[in-house]
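Enquirer: This structure is in structure tokens; I'll ask about it shortly.
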Amino acid sequence: MNPSMPLLPERASSYAGEVDALFYFIVAVTVFFTVAVSLALVYFAIRYRRRSEDERPAEIHGSLALELAWTLIPLGIVVVMFVWGAKVFFHMNRPPDDAMTVSVVGKRWMWKLQHPTGQREINELHVPLGRAVKLVITSEDTIHSFFVPAFRIKKDAVPGRYNFAWFRATKTGSYHLFCAEYCGTEHSKMIGKVVVMEPEAYQTWLAGGPPPESPVVAGEKLFTELNCITCHRPDSAGRGPVLQGVFGRSIQLASGDTVVADEAYVRESIVNPAARVVAGYQPVMPTYQGQVSEEQLIALVAYIESLQVPTEAAPASDAAASR
Ligand code: CUA
């Protein structure tokens, strides 16, 4: 981009260029047709103006070639926009497997962020340069929207569900973070920044401050405190399904459907357990709606994601003892 003509914010994420290229293409097409139609309008108005009181316009019969042209050319152009847009959309919505997961909770009127290693931040997010960062975004109250213009990210934070976004920062520096959904009187103050650091500086930053509790550890504690462990035993003798190795797998439900056990399904199963019961189990689990905060839910999900299948050689009782 020409820095003397800052039509768009700085580009600081790996796909910002893709988004801008598509945007400029759509703008160029729009400008071209606006100008072409306006000039044609003026030309025709002059060229075919009425020249005398009793002038009768000539009758016009259709032109197949002309009609095909003004149908097929715009069709081709919008198909290009659609396919190109879909490609960018898929790229923006599929985090790479090696991404580090940062949880984002919107709350009137602040952003609460947590790193995979447990560090918490408010209205500030420090990330390493060049590393893919996956954001799991939700809200505690009303709808907010996580907006970092320099990364070309804008994703709603919706209560009761997880939305995902990801980016790979390409430039060190500090970038604006906004809430882009009107959420109440202090919406305009719900701003912050994302600080992109060299990987070593990020490690130093992580090491500063009190030693944090990672979401996995916090989740494991909650799992015991809330007595989840009584029913979800690793040895399949409990009243609830075994959770080891479940995350990311396809699950057979009592209704006959299947579902992938992702963040959204695990969250739903905690706050609304009867919604989609696993095949072979009774809907006996109580709801934990209102008893666990969004941050605790994130910790529980992280813990369940971390549960691996006990190695096959080890008897089930050993696996239980090691918990
Ligand atoms: Cu949160 Cu606007």
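The values are calculated or read from the model by the stated rules, or taken from the named source; none is laboratory data. Computed from a predicted model, the values in this text were never measured in an experiment. With ideal geometry, Cβ positions are generated from the backbone for all residues, glycine too; neighbour counts draw on all protein chains shown. Areas reflect the complete protein model, heavy atoms only, side chains present, ligands, DNA and RNA absent. Shrake-Rupley method; radii C 1.70, N 1.55, O 1.52, S 1.80 Å.
Enquirer: Residues to consider are A21, A28, A45, A40; find the one that is open to solvent by less than 90 Å² (accessible area, probe 1.4 Å), part of a helix (DSSP H, G or I) and under 23 Å from W166 (Cβ atoms).
Expert: A21
Enquirer: May I ask you to say which residue of E55, E10 is among the acidic types (D, E), within 29 Å of the chain's Cα centre (by Cα) and not in a helix (DSSP H, G or I)?
Expert: Of E55, E10, the one residue that is among the acidic types (D, E), within 29 Å of the chain's Cα centre (by Cα) and not in a helix (DSSP H, G or I) is E10.
Enquirer: Taking region 122-162 only, how many residues are within 13 Å of the ligand (Cβ to nearest atom) and at positive phi?
Expert: Looking only at that region, the number is 1.
Enquirer: Being in contact with a Ser or Thr (Cβ under 8 Å, 6 or more places away or on another chain) and open to solvent by less than 70 Å² (accessible area, probe 1.4 Å) narrows it down to one of V259, V278, V292, V246, so name that one.
Expert: Result: V259 is the single residue among V259, V278, V292, V246 that is in contact with a Ser or Thr (Cβ under 8 Å, 6 or more places away or on another chain) and open to solvent by less than 70 Å² (accessible area, probe 1.4 Å).
Enquirer: Of all residues being within 14 Å of the ligand (Cβ to nearest atom) and not in a strand (DSSP E or B) in region 87-121, which is most open to solvent (accessible area, probe 1.4 Å)? Just the residue, please.
Expert: R108
Enquirer: For region 221-269, give me the residue count where each residue is closer than 22 Å to G160 by Cα and either part of a helix (DSSP H, G or I) or aromatic (F, W, Y) (or both).
Expert: Final tally of qualifying residues: 11.
Enquirer: Could you look through region 176-200, keep only residues that are part of a helix (DSSP H, G or I) and touching a residue at least 60 places away in the same chain (Cβ under 8 Å), and pick out the one that is nearest to the ligand (Cβ to nearest atom)?
Expert: Step by step, filter region 176-200, then rank; the result is H187.
Enquirer: Pull out all pairs, ordered by first then second residue, where Cβ-Cβ is under 8 Å, the residues are six or more apart or on different chains, the first lies in region 276-299 and is closer than 20 Å to V259 by Cβ, and the second is open to solvent by 70 Å² or more (accessible area, probe 1.4 Å) and at pLDDT below 85.
Expert: Y281/R239; Q282/R239; V284/R239
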